[in-house]
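Step one of this worksheet: look at the structure below.
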Amino acid sequence: MSRRRVAVPGYPPLAVLGVGAAVLTEVVAEVVATYGRRRARLVGLVLNLLLAVGWIAWSHWHPSRPEVFAAAHVGVLVVVWMMADVVNTNQLGADGEEVQALLDAGHGVARILAVRNLALAAVIVPVALGVTFAAQLLATRAPDLGRASLADVGAVFCWLGVGSVLSVLLPYRPLPWRSRLALPRTWLRWTACVAAPWVAVLGLEPALRVADRAMGLLGGAGPLVVGMACWVLGLAGAAGLARRHGRTLRHRLRLTE
């Protein structure tokens with residue numbers, strides 16, 4: 001009896017490995033670019049980090065009850081503050097010409113955003129973990145560091161999912177202040193794009209509270225599981241929006257607004 005190969009639907013394993021290697025290479029290139037030619041984004045993240053730490057230290061630190069500081073999920077709060085920003089919610093418009101070239105080369109929006117998401121995560125996750133570790137040192141009765149760290153990573157990927165959707169819905173090309181002031185016609189939409197992530201923070205807060213309760217059923221890894229699910233859903237939603245409004249997206253990426 002002769003043996004026959006059974007055709008397996010989907011991509012061959014070598015093709016999958018090739019795509020994975022290509023994506024990893026692109027992620028590394030994005031991280032290098034963030035620390036190199038895209039230093040303005042890095043400066044924005046650092047400023048947001050300083051504002052976040054200052055605000056949370058003022059609003060949550062109680063000298064007589066230092067355990068409250070760590071119990072407040074400080075790392076998650078810093079993540080939300082840092083990522084409710086155009087660095088996360090304008091991942092396409094900030095490099096409109098480059099994204100246009102990638103789209104023309106056949107790259108899907110989900111792949112482009114996934115690469116940029118992972119590069120952002122490589123920058124932000126260590127910061128969030130560092131903040132959580134510092135909060136643990138300040139607390140007298142620190143909660144479990146492992147669980148808090150998983151919550152940090154979950155929060156990062158949850159907001160990357162939100163940022164991916166907003167990046168497709170509201171892309172715009174950043175302008176120097178003088179150029180922006182010289183173009184009053186851009187002010188209204190630009191204000192809406194900048195304010196949108198903060199509206200998302202306020203709008204999602206009740207949902208996050210419900211998710212926080214539900215995560216108790218999943219154990220210590222619950223925040224990470226929920227965060228990764230939000231990320232995948234965000235990428236899928238962004239890809240769907242890009243397919244439906246592809247012409248509008250390309251038009252917005254070309255505009256100076």
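Output the number of residues of region 173-197 satisfying the condition of being in a loop (DSSP other than H, G, I, E, B) and of a type in the set (A, V, I, L, M, F, W, C).
Total meeting the criteria: 3.
Return a yes/no flag: does region 238-254 have any residue that is at pLDDT below 85 and either over 19 Å from the mean Cα position of the chain (by Cα) or among the acidic types (D, E) (or both).
yes
The values are calculated or read from the model by the stated rules, or taken from the named source; none is laboratory data. Fair warning: this is a prediction, and the values are worked out from it, not measured in the lab.
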